[in-house]
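This report concerns only the one structure given below.
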Amino acid sequence: MNVSLNLEQYLKDLEYLVNIDSQSKDPEGVAKIGAFFEKAFAEIGWSVEKKELDPSLAPSLKFTNGEPPYDAFLLGHLDTVFPKGTVSERPFSRDEKRAYGPGVNDMKSGLLFGLYAARALTESKAKGSFCIVYNSEEEIGSRHARSWIEDLAKQSRTAVILEPARPNGNLMNERKGLGRIEVTFNGKAAHAGVEPEKGVSAVNEMACWILGLHSLTDFEKGTTLNAGLVSGGTGANVVPEKASMTVDVRIRVPEEKDRIAAKIAELRANPATPGISVDADFFLTRPPMNPTPKTMKLCALVEEVGRQAGVDVRWQGTGGGSDGNFTAAMGVPTVDGLGAMGGGSHSVTEYIEIGELPSRFALLLGVLERIPEAEF
């Protein structure tokens, strides 16, 4: 199929989408983004289904042009991290090389790639049954969407994630698993100068836990722990009765979850502060995304298409997660980063490379054309 990207129309659509605030917890804004795609997919004859995940969220969307098993399951997300009002401060803008704005890279440009690819496949009457899902809560962990995504993954031969490529153009076939440790420490308050011996310091115990958990970091295995949010105490002259912390966990090796859980059990069973009580909750929000032999076959197909599209396809792992973590963990061959090419996601400098859009779109479209007749 020799279909080129209508760049000016694409950028016009992108400007419209970027100029809508759509933080995950802004259901009205996210729904407005969704309404654009509902109308556009319906116009090309695709089936449109709304998925109500939770009353606090905008609906997620599912678009299909056929029945399962789907040749490819495309995933994107409607939400961004930017609070309401961000667009008024720095709306969509562009220069000769780049386009800027909240969500331009992560991932409104990728959502449009999905639509434009579906339109091209439909107009050319290309082979294949495709399912495209736009999740409304990816930026806050996909807690409600996970089981739905996993069920659709079971019905799919491959998964193509429309997240952006890295700033250097690399795609992803590996992402770390993401988790959290939430800990509350309950001690006893006392005057720090008059009778400190009568107190039980929650902060002292928290400090011991931080050291213990951070000791599990193993860069060679890809395991990192970071006590990024801590609080405790009411005053410098009071032995702190309460403390709490949230620890970010990233793992590449699934078995590392067990090592971390064992350390938490050890710390609870052997407190450094007599009289303390501790409540701890450890959970993974996303499993690791690791390439399988089938995924590597899909990667080889992407590389071949890249050579035809003028894209030098290279792969890398990343510590950030996506909904591709779920599809990969289900055993579905998964490639990530088939959206636009850009950087600065979640920051005031977020951008995409305009000059790379035609070749990146050609890469995505070529991959979707080839998948239906490929074996994995």
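The values are calculated or read from the model by the stated rules, or taken from the named source; none is laboratory data. All values reported here derive from a predicted model rather than from experimental measurement. We place every Cβ from the backbone using ideal geometry, glycine too, and count neighbours over all the protein chains shown. These area figures cover heavy atoms from the full protein model, side chains too; ligands, DNA and RNA do not enter into them. Shrake-Rupley method; radii C 1.70, N 1.55, O 1.52, S 1.80 Å.
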*State whether the residues of the stretch 96-105 include one that is touching a residue at least 40 places away in the same chain (Cβ under 8 Å), assigned to a helix (DSSP H, G or I) and either in contact with a strand residue (DSSP E or B) (Cβ under 8 Å, 6 or more places away or on another chain) or not hydrophobic (A, V, I, L, M, F, W, C) (or both).*
yes
In the stretch 17-45, residues that are within 29 Å of residue 369 (Cβ to Cβ), surrounded by 15 or more Cβ atoms within 10 Å (Cβ to Cβ) and not charged (D, E, K, R) total 9
Within the stretch 181-209, restricting to residues that are touching a Gly at 6+ places or on another chain (Cβ under 9 Å) and in a strand (DSSP E or B), the one that is least open to solvent (accessible area, probe 1.4 Å) is 185
### Message
Can you find a residue that is under 24 Å from residue 366 (Cβ atoms) and either among the basic types (Lys, Arg) or surrounded by fewer than 16 Cβ atoms within 10 Å (Cβ to Cβ) (or both) anywhere in the stretch 100-110?
### Response
yes
- [ ] Confirm whether residue 250 is under 30 Å from residue 322 (Cα atoms) and open to solvent by 70 Å² or more (accessible area, probe 1.4 Å).
- [x] no
When restricted to 212, 169, 228, the only residue of a type outside the set (S, T, N, Q), surrounded by fewer than 21 Cβ atoms within 10 Å (Cβ to Cβ) and part of a loop (DSSP other than H, G, I, E, B) is 169
The residue that is most open to solvent (accessible area, probe 1.4 Å), considering only those in the stretch 296-335 that are among the polar types (S, T, N, Q) and in contact with a strand residue (DSSP E or B) (Cβ under 6 Å, 6 or more places away or on another chain), is 318
